[in-house]
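Inspection log for the structure reproduced underneath, given as structure tokens.
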Amino acid sequence: MPLFRKKTPEPELPAVLPEHLAIIMDGNGRWAKKRGLPRRVGHSYGAQTFRTITKHCEKRGIRYLTVYAFSTENWKRPAEEVEAIMNLLRDYLKESLADFQKENIRTHFIGSFEPLADDIRRLMREAEAVTEHKTGMTLNIAINYGGREEIAHAARCLAEDVQAGRLHPETIDEKMLARRMYTAGQPDPDLILRPSGEYRTSNFMLWQSAYAEYIFMDVLWPDFKPADLDAALAEYARRNRRFGGV
Ligand code: FPP
């Protein structure tokens, strides 16, 4: 019998972290419905979870985090709900512009921004400009984002280059398409996380997810805690990624 008892070790951080983590922040509506509250209240709690989890990702050393805030299909929702989500985005942008000196996060937006209100677009541009020099985590916020729209956009860019004589069609390869995606210059997501118990990709990062690991969790986004993220990171570290090899 040993003369001393070993101390219970601190929970260890996984040895392998995803360099790029992407999250489908799902379940706000159901969270609100379960409580007899309007859906917008679920989004408001979801926005709070987003703030907490963003900070936790940075603390854990994630280099790129992409969150799905509003899809190209979300305009189909009632106007009141769309407005509530846009207001949450507005609030977050104003707050992050005021707080940006405290954080070492580089903010970037992915999606098609023409349909957004002018003031939101201006705040988005400002948030990108003031955090451009940051060296910590890159946070991509997907807003009016659709994976198919992104691929169509990249195809349009290539077509324009061909039409202008800058590019020969026969030279077009995967790298050229990747450079025209909204995430150009960034690594593809290693892990895509979807809480809420739904098992689908919902038009999220279709191009970039070719070799991503998926983790689906049975917790609604407003209830999602840093410990849930840690559990997902531990599960990711156990995965054996082969990228089509052996
Ligand atoms: C999906 O849940 C969530 C959304 C469509 C909106 C996500 C928005 C936020 C978390 C807040 C705003 C974001 C920022 C960056 C401040 P759902 O409504 O589809 O939930 P349900 O499937 O339970 O109905």
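All of the numbers you see were taken from the coordinates with simple rules; none came from a lab. Every value quoted in this text rests on a predicted model; they were computed, and no experiment measured them. Counting neighbours? That spans all protein chains shown, and the Cβs are built from the backbone with ideal geometry, glycine included.
Annotations for the structure displayed:
- Taking GluC sites (Glu not before Pro) across segment 179-246, the ones in a DSSP loop with at most 16 further Cβ atoms lying within 10 angstrom of their Cβ are Glu198.
- Summed residue charge, Cβ within 15 Å of Asp26's Cβ, Lys/Arg positive, Asp/Glu negative: +1
- At most 10 other Cβ within 10 Å, DSSP loop - trypsin sites (Lys or Arg not before Pro), segment 207-246: Arg242
- Residue among Lys175, Lys134, Lys55 with the largest mean-square fluctuation in a Gaussian network model of the chain, springs linking Cα atoms under 10 Å: Lys175
- Eligible lysines near Lys102 by straight Cα distance, threshold 17 Å, same-chain separation 8 or greater: Lys55, Lys59, Lys94, Lys134
- Over all other residues within a Cβ to Cβ distance under 12 Å of Arg106, the charged ones net out to -2, with Lys and Arg as +1 and Asp and Glu as -1.
- Amide H partners (placed H, <5 Å) of Met217, local residues excluded: Arg194, Ser196, Gly197
- The residues packed around Val16, meaning those with a beta-carbon under 15 Å from its beta-carbon, carry a net charge of 0 if Lys and Arg are +1 and Asp and Glu are -1.
- For segment 36-191, radius of gyration divided by Kirkwood radius, i.e. Rg to Rh on alpha-carbons: 1.00
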